[in-house]
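Data block below; observations after.
The values are calculated or read from the model by the stated rules, or taken from the named source; none is laboratory data. Since the model is a prediction, treat every value here as computed from it, not as a measurement. Note that we place each Cβ from the backbone using ideal geometry, even for glycine, and neighbour counts take in every protein chain shown. Side chains included, ligands, DNA and RNA excluded: accessible areas come from the protein's heavy atoms. Shrake-Rupley method; radii C 1.70, N 1.55, O 1.52, S 1.80 Å.
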Amino acid sequence: MNAYPLPTPHPASAHPARVYNVWLGGKDHYPVDQEAAELAARANPTIVPSVRANRAFLGRAVRHLATTGIRQFLDIGTGIPAAENTHEVAQRAAADARVVYVDNDPIVLTHARALLVSGPEGQTDYVQADARDVDTILDAASRTLDLSRPVGLMLVAILQYIKDAEDPWDITRRLLDRLAPGSHLVLSHPAADVTAPEVAESMRIYNERAAAHASATPRSQKEVERFFDGLEILDPGVVTLTRWRPGPSDAPDDSLPMWCAVGRKA
């Protein structure tokens with residue numbers, strides 16, 4: 001049983017997945033989400049390019065792992081499906097890749113089951129659970145993934161919704177503890193030390209409108225590095241989104257306030 005209450009549709013307040021959907025240019029949201037997204041983006045104009053750069057980072061990281069032998073992915077904090085989802089990128093590189101998506105919002109999982117459909121050689125599954133319910137997630141994921149073999153653990157723009165008092169670093173460690181050597185952590189996180197005033201103001205606006213679901217906490221580069229304690233951080237380290245192994249047409253933009261990295265478990 002989940003230790004944390006699962007959200008129900010509550011159009012009187014904004015929801016993280018629906019606000020993110022607004023920033024990605026999607027249509028699966030309510031007016032309250034549109035308002036929160038627009039006000040936060042007005043306070044911090046880098047939000048929309050950051051969200052899109054974050055999606056591009058996810059694609060590059062998954063592609064790298066799939067082409068270097070990872071065939072299993074655990075994507076926690078799935079969000080409402082958009083272009084280039086984890087299984088699409090992974091199965092394009094390795095048709096037999098397996099992906100388990102996890103989200104605590106039943107609306108998100110309804111969309112996921114309808115839209116995140118595996119190719120014939122691979123497999124996808126869906127788990128409704130809170131990111132803090134480590135045992136629930138891993139027990140359910142083990143129906144599809146072989147946890148004795150390496151897994152790509154995706155914590156992309158999700159840990160900001162876990163407060164310091166709830167110890168997101170320990171949650172990450174406990175997830176990794178049950179994964180096999182050779183597993184990788186793919187993580188991105190809003191930055192507290194890049195365009196700090198704008199980030200603080202946009203977070204304040206967002207938190208006022210989304211408190212019924214989840215408030216958000218930006219963190220510094222050093223705080224993000226802590227998530228990789230005990231892991232080998234792949235080059236180029238903990239960097240801003242566009243600095244992680246960009247393609248030839250990717251322009252660097254260090255004003256985007258999100259840190260990201262990929263680490264390997266020995």
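Numerical summary
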quantity	calculated
Qualifying residues in region 109-133 (those that are under 21 Å from Ile162 (Cα atoms) and of a type in the set (Gly, Ala, Ser)) - the one nearest to the chain's Cα centre (by Cα)	Ala131
One residue from Ala56, Ala14 being in contact (Cβ under 8 Å) with a residue 60 or more places away in the chain and under 15 Å from the mean Cα position of the chain (by Cα)	Ala56
Matching residues in region 131-170 - criterion: being open to solvent by 50 Å² or more (accessible area, probe 1.4 Å) and of a type in the set (S, T, N, Q)	Ser142, Ser148
Number of the condition not met by Leu74 [criteria: (1) assigned to a helix (DSSP H, G or I); (2) modelled with pLDDT of 95 or more; (3) under 27 Å from Arg132 (Cβ atoms)]	(1)
Criterion (assigned to a helix (DSSP H, G or I), free of Cβ contacts under 8 Å to residues at least 60 places away in the same chain, over 15 Å from the mean Cα position of the chain (by Cα) and over 17 Å from Phe73 (Cβ atoms)) met by exactly one of Ala165, Ala140	Ala165
Filter result for His111 (within 16 Å of Leu24 (Cβ to Cβ), part of a helix (DSSP H, G or I) and open to solvent by 10 Å² or more (accessible area, probe 1.4 Å))	yes
Qualifying positions in region 67-88 - over 15 Å from the mean Cα position of the chain (by Cα) and either over 25 Å from Ile171 (Cα atoms) or open to solvent by 20 Å² or more (accessible area, probe 1.4 Å) (or both)	Thr67, Thr68, Gly69, Arg71, Glu88
